[in-house]
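*Asks:* Pasting in a structure now, in structure tokens, and then I'll have a few things to ask.
The values are calculated or read from the model by the stated rules, or taken from the named source; none is laboratory data. If you're wondering where the values come from, they're calculated on a predicted model, not measured in any experiment. In this analysis, Cβ positions are derived from the backbone assuming ideal geometry, glycine residues included, and neighbour counts consider all displayed protein chains. Just so you know, the surface numbers come from the protein's heavy atoms only, side chains and all, with ligands and any DNA or RNA stripped out. Shrake-Rupley method; radii C 1.70, N 1.55, O 1.52, S 1.80 Å.
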Amino acid sequence: MAMKLLGIISVLVLVVLCIVLWCTPATHHLRFRDTGLNTHLVVQEDDSFQHYIAVSKEIIKLARTQGGVNNTETVVTENSPLQLLPDEKDCPRRPDHKFENGILLIHGFLDSTYTMNFLGQFFRDKCFAVYIILLPGHGTVPGDLLQVNYQDWIKATHFGATKIAEQAKNIYLMGYSLGGLLAVHEILQNPGAYKGALLFGPCLGLKTSYSALVAPVYWLSQLIPRLKWLSVRSDDINVKYESYPLNPVYQIVKLVAKVRDELGGKSLNIPVFMQQSADDMTVDAQVNLDFFEKNHPALSKLLWYSENPADKNLADPRIKFIFGALPEQKILDMSHLSYLMPASDPIYGLHGEYHDCLFYKIHSPEWQQCKTGTDNYLGEVTAENVKTHLVQRLTFNPFEKVFLDELAAFIDAVGKS
């Protein structure tokens, strides 16, 4: 009886969700159409990374032109894969012509390579060869996510990892959110190939309780095209989508299940550096905490941002507790979007052009104030925060110095091990 009732409730929730999605505005704009240019990895496995960059730029230019969005050279470059090599006068190559260290950077869902540039420069200054990949479906128009699948993302990640290994002896993988999930998958597939992993809010578990509904709604969307879109926004920012279809969310749900199954109770058995906010509303912070505690190398480090005093007493000595609120700066806590960028960034920084106000209904008074306000509260869109404050989602790391110091110490320690 209980199972039957649960089934009825699930169907009712599904119907309500479908009705909500049915009311999504018509997606007649060009950017909501699949350009057919950016679904798969755009090069072959034996192509060079330089060729990958050149072809990607051509694809991004064409797709953005076809999709009717900003296609200037600056915007194309901001969204393109990137190679950053250190100065050989200060960072000489080894006798085998490789650099000592190399790192592959993998961005998150809806983002582009732009979000990786700041840390890319950080690693280049540390004598790392740096490659930044663009995940298929990203960097062009949201419609290019309609047909992408998680295998495309896996192939792009493996391509980048293979190419950076041609440049350096010791290879690290760094991933944010979806990129962190892909980094974990790559390491599991190739144990022993990597020196360390850097994972920022990795998507090892989703915060939402509606993951089980994604698959049935996805299959229903094949019959009802209006259900294909979960978010339809103005997409004003050139380096990130605000609109997105259901398909990539379905792909992420499948990839999470796959990686969780592959992990089981296993450890990566390489040093891991992580950042995680206890208040993260995109990924499951507890899942990530459990994952970290199961990884045994003593050099591993987790920066755990929280306002819960009890978290100061986390038993694992590898965990550094950071009180995530800065009341004097009107920062309530760390959000899922705040791990990577400095406060000085012209797009995502404290005075940056982008205000993340997606929690609020478009054109509502709250949305208008969030978009135009210069004195908003910043943080994560938790139930407690939005109940008491108008919240602009925090998109930069206000603890940049602490983060970078800890990251540098981790790299130095692993390099000497």
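*Asks:* Can you find, within segment 369-383, the residue that is most open to solvent (accessible area, probe 1.4 Å) among those that are part of a loop (DSSP other than H, G, I, E, B) and in contact with a His (Cβ under 9 Å, 6 or more places away or on another chain)?
*Replies:* The initial filter retains those residues of segment 369-383 that are part of a loop (DSSP other than H, G, I, E, B), namely 373-376, 380-382.
Narrowing the set further to residues that are in contact with a His (Cβ under 9 Å, 6 or more places away or on another chain) leaves 373-374, 376, 380.
Working: G373: 17, T374: 142, N376: 17, E380: 0 Å².
If we take residues in segment 369-383 being part of a loop (DSSP other than H, G, I, E, B) and in contact with a His (Cβ under 9 Å, 6 or more places away or on another chain), then T374 is most open to solvent (accessible area, probe 1.4 Å).
*Asks:* Quick check on D152: is it closer than 25 Å to Y250 by Cα, touching a residue at least 60 places away in the same chain (Cβ under 8 Å), touching an Asp or Glu at 6+ places or on another chain (Cβ under 8 Å) and part of a helix (DSSP H, G or I)?
*Replies:* No.
*Asks:* So for segment 248-270 (the condition being within 30 Å of P398 (Cα to Cα) and part of a strand (DSSP E or B)), does at least one residue qualify?
*Replies:* No, there is no match, as no residue in segment 248-270 is within 30 Å of P398 (Cα to Cα) and part of a strand (DSSP E or B).
*Asks:* Could you give every pair whose Cβ atoms fall below 8 Å, whose first residue belongs to segment 231-257 and is within 22 Å of Y354 (Cα to Cα) and open to solvent by less than 10 Å² (accessible area, probe 1.4 Å), and whose second residue is acidic (D, E) and assigned to a helix (DSSP H, G or I), counting only separations of at least 6 or pairs across chains?
*Replies:* So the pair list comes out as V239/E78.
*Asks:* Something else now. In this structure, does V287 turn out to be in contact (Cβ under 8 Å) with a residue 60 or more places away in the chain, crowded, with 16+ Cβ neighbours inside 10 Å and farther than 24 Å from Y360 by Cβ?
*Replies:* yes
*Asks:* Tell me, which residue of segment 315-368 that is of a type in the set (F, W, Y) and in a loop (DSSP other than H, G, I, E, B) is most open to solvent (accessible area, probe 1.4 Å)?
*Replies:* F359
*Asks:* Of all residues being among the charged types (D, E, K, R) and in contact (Cβ under 8 Å) with a residue 24 or more places away in the chain in segment 93-132, which is nearest to A409 (Cα to Cα)? Just the residue, please.
*Replies:* So, considering only residues that are among the charged types (D, E, K, R) and in contact (Cβ under 8 Å) with a residue 24 or more places away in the chain, the one nearest to A409 (Cα to Cα) is K126.
*Asks:* Pull up segment 190-211, narrow it to residues that are open to solvent by 60 Å² or more (accessible area, probe 1.4 Å) and without any contact (Cβ under 8 Å) to a residue 40 or more places away in the chain, then point me to the one that is nearest to D412 (Cα to Cα).
*Replies:* Going through the qualifying residues, I end up with G192.
*Asks:* Out of all the residues in segment 292-302, which are open to solvent by less than 20 Å² (accessible area, probe 1.4 Å), outside any strand (DSSP E or B) and touching a helix residue (DSSP H, G or I) at 6+ places or on another chain (Cβ under 8 Å)?
*Replies:* S300
*Asks:* Further question: Is it true that V184 is assigned to a loop (DSSP other than H, G, I, E, B), touching a residue at least 60 places away in the same chain (Cβ under 8 Å) and either surrounded by fewer than 24 Cβ atoms within 10 Å (Cβ to Cβ) or not acidic (D, E) (or both)? Full working, then the answer.
*Replies:* On the way: assigned to a loop (DSSP other than H, G, I, E, B): no; touching a residue at least 60 places away in the same chain (Cβ under 8 Å): yes; either surrounded by fewer than 24 Cβ atoms within 10 Å (Cβ to Cβ) or not acidic (D, E) (or both): yes.
Here the answer is no, as V184 does not meet what is asked.
*Asks:* Here is a further query. Filter segment 30-48 for residues that are touching a residue at least 24 places away in the same chain (Cβ under 8 Å) and over 21 Å from Y150 (Cβ atoms) and give the result.
*Replies:* Residues satisfying the conditions are L30, R31, F32, R33, S48.
*Asks:* State all residues of segment 33-90 that are touching a Pro at 6+ places or on another chain (Cβ under 9 Å), outside any loop (DSSP other than H, G, I, E, B) and open to solvent by less than 50 Å² (accessible area, probe 1.4 Å); if no residue qualifies, say none.
*Replies:* F49, Y52, I53, S56
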